[in-house]
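Since every read-out is calculated from the coordinates, none of them should be taken as a lab result. What you see is a predicted model, and the numbers here were worked out from it, not measured in a lab. Here the Cβ positions follow ideal geometry from the backbone for every residue, glycine too, while neighbour counts run over all protein chains shown.
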Amino acid sequence: MSAYKTKVNPLTGSDYKEISQKALFLYKKIKKKTKRRPYIRSAYFDKQKIFLGLFWSHLYQKNYWDQIRRMKFFACGLDLISRSRITPTSKENVDKSEEILHRFSGITLNNEIFFVQIKESKHNGQKWLISIFPLEDAKHFNKQKKAFR
């Protein structure tokens, strides 16, 4: 498994409020640049747009502690998407055959492993950031591989 070494550290903070403020600050900074849906450009996908809105709705479905753990890696995930040219693991979504799921792996400056998952629509080619999660979540995620196989 080859992973992209990010140029940023995970967000720091002692509680939910502090971490969420930092993550939302980064998101709002990106959101200000467009009048429509917030996005960042991906190096791997030849500077195509990766839309960010789905990440937040997916994040808020998680429990309190899981949200904190995932938000900490938001800056690292954005760095990975915008700079990484390393080929992800890509598979068709079992539940929805019109989607392809791409999973990128990354390593922070602190040598923590994390993953970024992007959903691509086969119909229109749009790409959406679904999830950013650290390795300990990946172990749990591998138990529920049905959606990713």
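Condition check for LYS7 on (1) surrounded by fewer than 17 Cβ atoms within 10 Å (Cβ to Cβ); (2) touching a strand residue (DSSP E or B) at 6+ places or on another chain (Cβ under 8 Å): one failure, at (2). State all residues of the range 10-20 that are surrounded by 12 or more Cβ atoms within 10 Å (Cβ to Cβ) and either in contact with a helix residue (DSSP H, G or I) (Cβ under 9 Å, 6 or more places away or on another chain) or within 13 Å of GLY77 (Cβ to Cβ) (or both); if no residue qualifies, say none. Result: PRO10, LEU11, GLY13, TYR16, ILE19, SER20.
Return a yes/no flag: does the range 102-125 have any residue that is touching a residue at least 40 places away in the same chain (Cβ under 8 Å), over 22 Å from PRO10 (Cβ atoms) and crowded, with 20+ Cβ neighbours inside 10 Å. Yes, there is a match, as at least one residue in the range 102-125 is touching a residue at least 40 places away in the same chain (Cβ under 8 Å), over 22 Å from PRO10 (Cβ atoms) and crowded, with 20+ Cβ neighbours inside 10 Å. Residues in the range 21-37 that are in contact with a strand residue (DSSP E or B) (Cβ under 8 Å, 6 or more places away or on another chain) and over 15 Å from GLY77 (Cα atoms): 1 in all.
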